[in-house]
Structures are given as C-alpha cells and as structure tokens.
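**Student:** I have a structure I would like to understand better, so I am pasting it below and will then ask my questions one at a time.
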Amino acid sequence: MRIVAGRLGGRRLLAPPGRDTRPTSDRVREALFSILGPLDGMAVLDLFAGTGALGLEALSRGAATVDFVERDRRALHVLRANVDALGVGDDAVRVTTGDALRHLRNAAARGAAYDLVLIDPPYRDGDRLGPVLDTGLRPLLRPGARVVTESDRRRPLPLGIAVEDERRYGDTLIRIHRA
C-alpha cells in the first residue's frame with residue numbers, strides 16, 4: 001500500500017496485521033481522488049481512519065488539514081506510524097482516539113467545519129451508523145462540502161445527503177455526496 005499521487009506520491013504506508021482493518025486499495029483511492037479533483041487548502045475529516053490512507057492521500061494532494069478519528073488501538077498505532085513516517089507535521093494533522101460519533105458531537109461544539117469528509121466504517125455497521133452519521137455530519141459541513149462513503153456494494157451506507165456520484169470497484173461501493 002502506498003500514497004498514489006501528490007507531493008507524497010509513491011511513499012509506502014503500513015497496515016496492521018489481520019482483517020480487522022481494511023485499507024482502501026491503491027486502485028480505488030486513485031480512482032476516487034481523480035474524481036474529487038484538486039483539494040487545495042481543504043479541511044478534511046477522515047472518520048474510521050484505519051491506516052490513514054484516505055486522509056493521507058488527501059493531504060498529499062493539497063488538503064491543508066486532516067482530522068483522523070480511529071478507535072482501534074492496532075489501527076491507531078499504524079496510523080500514527082504512517083503520519084510520523086511521512087513527516088506531515090502537527091499543524092496539518094490531528095489524530096483523535098475514540099468513537100466517531102462522539103467526535104462529531106465534540107467537533108460541532110467547538111465549531112469545526114470541513115470541506116471533505118471521508119467515511120469508511122466497518123461494512124457490517126453501515127446500516128446502524130448511517131442515520132446517526134447523517135445527523136452528526138450536517139452541522140460540520142461547509143457549503144458545497146463533499147462526503148465520501150465507502151461500503152460493501154450490497155449494503156450502501158445510508159446517508160440523507162444527495163449522492164453526486166457513485167462507483168463500484170468489485171465489492172466496494174464509493175459514493176460521493178454533496179452538501
């Protein structure tokens with residue numbers, strides 16, 4: 001696994017052993033970020049960050065800041081190692097340990113706002129998380145913000161935000177929503 005393009009392009013990323021963390025493949029990330037286009041100066045939120053591959057790709061392609069949220073300790077260890085290895089700096093990256101839904105409430109309370117939100121939850125939890133994520137995200141989205149969801153193609157993550165684009169890559173479904 002590696003950063004596909006941008007200023008960090010070609011740099012390798014670590015992944016935790018086992019199947020609990022499912023990093024987005026290089027092929028899917030390349031296609032997704034080609035669709036998204038320039039990210040210059042954007043504030044990005046990477047929920048269920050895992051290895052950080054999506055958020056780090058956004059940073060490599062010009063995003064100004066990325067807030068990573070992950071609760072799994074093994075994934076957090078790898079995420080922090082990837083951030084350190086890339087040397088992206090504390091001013092551009094914030095890693096939050098804990099529950100994604102709690103993070104949304106806390107971010108709203110402090111007035112955070114994002115241009116791009118990347119959501120790749122455990123596929124099995126999509127049905128349960130969709131409505132709660134939808135409600136928690138709305139106060140955090142800047143006008144025109146995009147929300148990218150990754151899910152199993154047979155069980156799309158249900159969000160009430162308009163779908164702008166949808167692509168399938170094998171069993172993976174990527175949806176781009178526009179606020």
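The values are calculated or read from the model by the stated rules, or taken from the named source; none is laboratory data. For clarity, every value in this text was computed on a predicted model and none was experimentally measured. Reconstructed Cβ throughout: ideal geometry from the backbone, glycine too, with neighbour counts over all protein chains shown.
**Student:** Is there a residue being closer than 22 Å to residue 179 by Cβ, of a type outside the set (Asp, Glu) and in a helix (DSSP H, G or I) anywhere in the stretch 39-53?
**Tutor:** Step one: of the stretch 39-53, the residues closer than 22 Å to residue 179 by Cβ are 39-49.
Pick out the ones that are also of a type outside the set (Asp, Glu) and you get 39, 41-45, 47-49.
When the remaining residues are screened for being in a helix (DSSP H, G or I), the result is none.
No, the conditions are met nowhere in the stretch 39-53.
**Student:** Give me the residue from the stretch 30-53 that is over 16 Å from residue 150 (Cβ atoms) and within 14 Å of the chain's Cα centre (by Cα) and, out of that set, surrounded by the fewest Cβ atoms within 10 Å (Cβ to Cβ). Working first, answer last.
**Tutor:** Let us first name the residues in the stretch 30-53 that are over 16 Å from residue 150 (Cβ atoms), namely 37-43.
Pick out the ones that are also within 14 Å of the chain's Cα centre (by Cα) and you get 39, 42-43.
On the way: 39: 21, 42: 21, 43: 19.
Ranking the candidates gives 43 first.
**Student:** Please go through the stretch 68-102 and pick out each residue that is of a type outside the set (A, V, I, L, M, F, W, C), farther than 18 Å from residue 126 by Cβ and under 14 Å from the mean Cα position of the chain (by Cα).
**Tutor:** 94, 96 - these are the residues of the stretch 68-102 that are of a type outside the set (A, V, I, L, M, F, W, C), farther than 18 Å from residue 126 by Cβ and under 14 Å from the mean Cα position of the chain (by Cα).
**Student:** From the list 43, 58, which one is among the small types (Gly, Ala, Ser), closer than 13 Å to residue 93 by Cβ and in contact with a Ser or Thr (Cβ under 6 Å, 6 or more places away or on another chain)? Explain how you work it out, then say what you get.
**Tutor:** Working: 58 fails: in contact with a Ser or Thr (Cβ under 6 Å, 6 or more places away or on another chain).
After ruling out the rest, the residue left standing is 43.
**Student:** Looking only at residues in the stretch 59-92 that are among the β-branched types (Val, Ile, Thr) and touching a residue at least 40 places away in the same chain (Cβ under 8 Å), which one is nearest to residue 143 (Cα to Cα)?
**Tutor:** Initially, the stretch 59-92 is screened for residues among the β-branched types (Val, Ile, Thr), giving 65-66, 69, 78, 83, 88.
After this cut, where a residue has to be touching a residue at least 40 places away in the same chain (Cβ under 8 Å) as well, the list is 78, 88.
Working: 78: 33, 88: 27 Å.
Selected residue: 88.
**Student:** Let me ask another. Kindly indicate whether residue 98 is over 30 Å from residue 6 (Cα atoms) and touching a residue at least 12 places away in the same chain (Cβ under 8 Å).
**Tutor:** Working: over 30 Å from residue 6 (Cα atoms): no; touching a residue at least 12 places away in the same chain (Cβ under 8 Å): yes.
So residue 98 does not fit the description; no.
**Student:** Could you grab me the full set of residues in the stretch 1-29 that are at pLDDT below 75 and within 17 Å of the chain's Cα centre (by Cα)? First the steps, then the outcome.
**Tutor:** Of the residues in the stretch 1-29, the ones at pLDDT below 75 are 17-23.
Of everything in the stretch 1-29, those that are at pLDDT below 75 and within 17 Å of the chain's Cα centre (by Cα) turn out to be 20, 21, 22, 23.
**Student:** Among the residues of the stretch 142-158, count how many are closer than 18 Å to residue 122 by Cβ and not hydroxyl-bearing (Ser, Thr, Tyr). Don't jump to the end; show me each part of the working.
**Tutor:** Taking the stretch 142-158 first, the residues closer than 18 Å to residue 122 by Cβ are 147-158.
Remaining after also requiring not hydroxyl-bearing (Ser, Thr, Tyr): 147-148, 150, 152-158.
Number of matching residues: 10.
**Student:** Please verify whether residue 56 is touching a helix residue (DSSP H, G or I) at 6+ places or on another chain (Cβ under 7 Å), in contact (Cβ under 8 Å) with a residue 60 or more places away in the chain and surrounded by 17 or more Cβ atoms within 10 Å (Cβ to Cβ), treating the condition exactly as stated. Please lay out each step first, then the result.
**Tutor:** Values: touching a helix residue (DSSP H, G or I) at 6+ places or on another chain (Cβ under 7 Å): yes; in contact (Cβ under 8 Å) with a residue 60 or more places away in the chain: no; surrounded by 17 or more Cβ atoms within 10 Å (Cβ to Cβ): yes.
No, not satisfied.
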